Structures are given as C-alpha cells and as structure tokens.
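The values are calculated or read from the model by the stated rules, or taken from the named source; none is laboratory data. Keep in mind it's a predicted model, so treat the numbers as computed, not measured. Here the Cβ positions follow ideal geometry from the backbone for every residue, glycine too, while neighbour counts run over all protein chains shown.
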Amino acid sequence: MPDRPEERLDRRDFLIASIATVAGSAALVGNAGSANAQDTAASSTTAPGAPSKTIYTGDTIQGKKVVSALDVNDLEAGQKHFLYFQGVEMPTGQHWYVSVTVAKGAKPGKRVVLTSGVHGDEMSSIHTVQSVMNQLDPAQMSGTVMAVTDIARPAIEGMQRRWPNLGRGVDLIDMNREWPGNENGLTAPNRHAGLLFNRLLRPNADAAIDFHTGTTGFEVTAFNIGGMDVPEVKAMMELYPVGQIYDNHVYPGVLHNAFMDVGIPSFTPEIGAARVLDLEMIAQFVEGTMNVLKHHGIVAGPMGRTGKDVGVFVGNSAFPILATEGGIVEHLVKLNDKVEPGQKVAIQRNSFGEVVAEYTSAVSGEVTGQRSDAMSEPGNPLLFILFHKTPLNGDETYPE
Ligand SMILES: [Zn+2]
C-alpha cells in the first residue's frame, strides 16, 4: 500500500534522517581530533543528529517498551529499566530490536555503556554483561550503566559471527567492520550500526566497553585489546585480573574505535572461546568490570583483583602463524604458554598420518589464540602469539 499517508510520512522521515546524518558526520569529523574523555558529556549531547531526548515508539514487545532514541537522563533514577531499541528495518518491513538494560543510579555520575553480541557466536561476552548488570543496585549507585547484549540480532539468532544480509542473495557481513555505521548506508548491518551508534550508544556513554570472545574454530585466552597510550583506556584495562593485554589500536570499523574516534574511552575484552560459556573467565571479567565502575565512582566499595595481582603480560603485536598445508593440526603448546623464537608450536599431518608441516614461533611471547578446529587448509591462522615489538616495523593486528 505505497500510497497510504503514513507511508509517505515514513519516506519523508527517512530523507530528514538522511540530512541529519550528513550534518552528524561532519560533527564526528570535528570531534575526532579531540580524543579527550572529559569532553564527551558535552559533545555527545550537542552533536547534530544525536537525540536530545528519549523517543517512545508507542509499541510494547513482551512487556518491554520500545524506544527509537534514548537519553538515560530521561529515565527515573534509582531503578533498573528494561527496554527494546528499534533497530534496522528488515525485508519484511519489521525491525530488528535489541535489548537495553539501564541501571540508573539514585545519584548522578558517570555513564558507562557495556555492549556484547556484535558477533553472534560469542556467548561468554553476553553472559559477562548480564552478570555485571545483575550485580548492580541502582539505589546504591552514583551514575548510570547501560547494557546492550544482542547488538547483531540476526547473527545471534543463528549463533554465527556474521550478519546474513539480503544483498545479492545472502551476504554474510561482519558487523565489527561497520562502525560507526550510517543510518542510510547500503546494507542493513551498516544502517543498524548507524541507528544504534547515533541514537543509543554514543549519546549515553562517558566510557564504553565492547565485549567479545574468540570466533568459531579459533579460541583465544582472556585478554583486553586497546591503546595503552590513552591514559583513561590504560587505567581501565589494567583493572582486570586477566593474563594478557594487547596494547594495540587495531583498525577502524570496530565498535570500540568508533567510540574512541568521538572522544569516548573504550576497549575490547576477549573472553575465551566462542559458542560456549567459560564461567571461570567470565568471573574474571565481571570482577574487572566492577573495578572499572568503582574507578568511575559509579559503584562504591573496595577494588577486586587487578592485572597486577595476576602478573598481566602486555604485548603490542600478535604474531600470526598461518597453515602452509592442508591437514589435521596438532598443537604442541597451550593458551598462555610462553614461547621462544625457534620453538616448535604445532605440527600438521596428512591423511596418511605423515607430518607435512612443522610450525615454529619467530618471536618471544605468549600464546594468545589457537585454531580449535582440528582441520585446516593452507592460509588459515593456526596461532597468534602476543609479543612486544618495537614500533619501527609496524604492528601485526589480531583480527577482532
Ligand atoms: Zn568478536
């Protein structure tokens, strides 16, 4: 029914949104230079295209009110709020909704945003965020914590890394290459990223943490990724009692860098293997995140264990070892093992059981990730070894 007045109205809204986004992107460029955490409260609420207030669509889903824009300042203090945010429109005309939990402290203070599910197969990241939110008592808090646990909804529905986008047939799109997105971008995940970033995440963040895990077929240990040269990021990452820090800015397009680009300190925890819940690692990241909330004055109480207590290993590069043959891979080292140059770390056998490849480390460091699928073809990463490299030759990046 393309001629119904509501349809024309929607079309007009789309065009208006388009103009606002153009203005918004100019503001993003303007803010990118000032990577100062303290500026963010002002810049995030005054940016063109950013919502100045919460917009309720009037819909309710499974008892939760739906919003298309959110300012946590509009919510009642001293309470938890459970909402759905209206994300991108699907081919059916329906929308992907994401779940939003807000613990709004009784007293004002800093606002921290916790996200998970940018990749759909990373379940420990979701559980970590849920566990933190379940520990919070808004009546005792000074400030606000907002959680969005299921960002790439269609990827999570299939428990797979990438978003099945209806392009030329189905494309699989990695949503952690799409940030900050564009509300009028060419693909659904790009538009979804734009809607979430402009109307939900950025306007409510003084600091942000985007939780991940390894990916299907490749497991990683517990570590944080972020730039240690940014004091506010360094301070937060060091508050986690986990074994490794990967001191690296990685590349544009990942959610934590979209926050960094608009002056909001942010980093990415990595919590073990994909598809499973690693309850032991989750507990470490919950403890670290509660430390971060204490650091920001949102939650009272003594600090828990930190990186210092577990002898955290800091590296700035991830040395990749790629398969040169097809066959079954046999690891000779474990996650977190220390390795030296020349040390044999894996072998590979063909269908006759003959060893067709031996893999050695070229660096001194710690194992941070390992292929967990036993079969490999040439070119697959088998290991990443975290190590410290002088910045002369540039850094290798872990492909988050
Ligand atoms: Zn991920």
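Which condition from (1) farther than 20 Å from TYR84 by Cα; (2) under 20 Å from the mean Cα position of the chain (by Cα); (3) in contact (Cβ under 8 Å) with a residue 40 or more places away in the chain is the one that LEU172 breaks? Of the numbered conditions (1) farther than 20 Å from TYR84 by Cα; (2) under 20 Å from the mean Cα position of the chain (by Cα); (3) in contact (Cβ under 8 Å) with a residue 40 or more places away in the chain, the odd one out for LEU172 is (3).
Every condition in (1) assigned to a helix (DSSP H, G or I); (2) within 14 Å of the chain's Cα centre (by Cα); (3) within 16 Å of the ligand (Cβ to nearest atom); (4) not aromatic (Phe, Trp, Tyr) holds for GLY253 except the one numbered (1). Scanning segment 244-257 for residues that are surrounded by fewer than 24 Cβ atoms within 10 Å (Cβ to Cβ) and either closer than 15 Å to VAL118 by Cβ or out of contact with any strand residue (DSSP E or B) (no Cβ under 6 Å at 6 or more places or on another chain) (or both) yields ASN248, HIS249, VAL250, TYR251, PRO252, GLY253, ASN257.
When you check VAL355 against the structure, is it more than 16 Å from the ligand (Cβ to nearest atom), touching a Ser or Thr at 6+ places or on another chain (Cβ under 9 Å), hydrophobic (A, V, I, L, M, F, W, C) and over 23 Å from HIS212 (Cβ atoms), yes or no? No. Taking segment 214-229 as the range and being more than 20 Å from ASN176 (Cα to Cα) and either acidic (Asp, Glu) or surrounded by fewer than 19 Cβ atoms within 10 Å (Cβ to Cβ) (or both) as the test, only ASP229 passes. Only a single item in (1) within 16 Å of the ligand (Cβ to nearest atom); (2) part of a strand (DSSP E or B); (3) hydroxyl-bearing (Ser, Thr, Tyr) is not met by TYR97, and it is number (1). Checked against the criteria, LEU279 does not count as outside the structural domain of HIS127 (by TED's automatic domain parsing), surrounded by fewer than 19 Cβ atoms within 10 Å (Cβ to Cβ) and away from the ligand (no atom under 16 Å from the Cβ).
What about VAL329, is it assigned to a strand (DSSP E or B), within 24 Å of ARG275 (Cα to Cα), out of contact with any Pro (no Cβ under 6 Å at 6 or more places or on another chain) and in contact (Cβ under 8 Å) with a residue 24 or more places away in the chain? Answer is yes for this residue. Hey, any hits in segment 196-205 for a residue that's of a type in the set (A, V, I, L, M, F, W, C), in contact with a His (Cβ under 8 Å, 6 or more places away or on another chain) and either crowded, with 24+ Cβ neighbours inside 10 Å or under 21 Å from ILE151 (Cα atoms) (or both)? Looking through segment 196-205, none of the residues is of a type in the set (A, V, I, L, M, F, W, C), in contact with a His (Cβ under 8 Å, 6 or more places away or on another chain) and either crowded, with 24+ Cβ neighbours inside 10 Å or under 21 Å from ILE151 (Cα atoms) (or both).
Taking the conditions (1) surrounded by 21 or more Cβ atoms within 10 Å (Cβ to Cβ); (2) in contact with a helix residue (DSSP H, G or I) (Cβ under 8 Å, 6 or more places away or on another chain) in turn, GLN135 satisfies each one other than (1). Within segment 265-276, residues that are assigned by TED's automatic domain parsing to the domain that holds SER131 have Cβ atoms under 6 Å from residues that are at pLDDT below 95 and more than 10 Å from the ligand (Cβ to nearest atom) in these pairs: PRO265/ALA37, counting only partners at least 6 apart in sequence or on another chain. Of all the residues in segment 121-154, those that are out of contact with any Lys or Arg (no Cβ under 6 Å at 6 or more places or on another chain) and either within 14 Å of the ligand (Cβ to nearest atom) or under 13 Å from PHE211 (Cα atoms) (or both) number 17.
Consider ALA274 carefully, then state whether it is within 16 Å of the ligand (Cβ to nearest atom), part of a loop (DSSP other than H, G, I, E, B), more than 25 Å from LYS389 (Cα to Cα) and not aromatic (Phe, Trp, Tyr). It is true that ALA274 is within 16 Å of the ligand (Cβ to nearest atom), part of a loop (DSSP other than H, G, I, E, B), more than 25 Å from LYS389 (Cα to Cα) and not aromatic (Phe, Trp, Tyr). Filtering segment 157-212 to residues that are closer than 20 Å to GLU89 by Cα and of a type in the set (A, V, I, L, M) leaves LEU166, VAL170, LEU172, ILE173, MET175, LEU186, ALA188, ALA193, LEU195, LEU196, LEU200, LEU201. Screening VAL88 against (1) part of a loop (DSSP other than H, G, I, E, B); (2) of a type in the set (A, V, I, L, M); (3) more than 21 Å from ILE264 (Cβ to Cβ); (4) within 23 Å of the chain's Cα centre (by Cα) leaves a single unmet condition, (1).
Of the residues ARG199, ARG191, ARG177, the single one that is within 14 Å of the ligand (Cβ to nearest atom), in contact (Cβ under 8 Å) with a residue 24 or more places away in the chain and charged (D, E, K, R) is ARG177. As a summary of the residue check, GLU400 satisfies the conditions (1) away from the ligand (no atom under 16 Å from the Cβ); (2) surrounded by 13 or more Cβ atoms within 10 Å (Cβ to Cβ); (3) assigned to a loop (DSSP other than H, G, I, E, B) except for the one numbered (1).
Filtering GLY87, GLY117 for residues that are within 16 Å of the ligand (Cβ to nearest atom) and closer than 19 Å to THR187 by Cβ leaves a single hit, GLY117.
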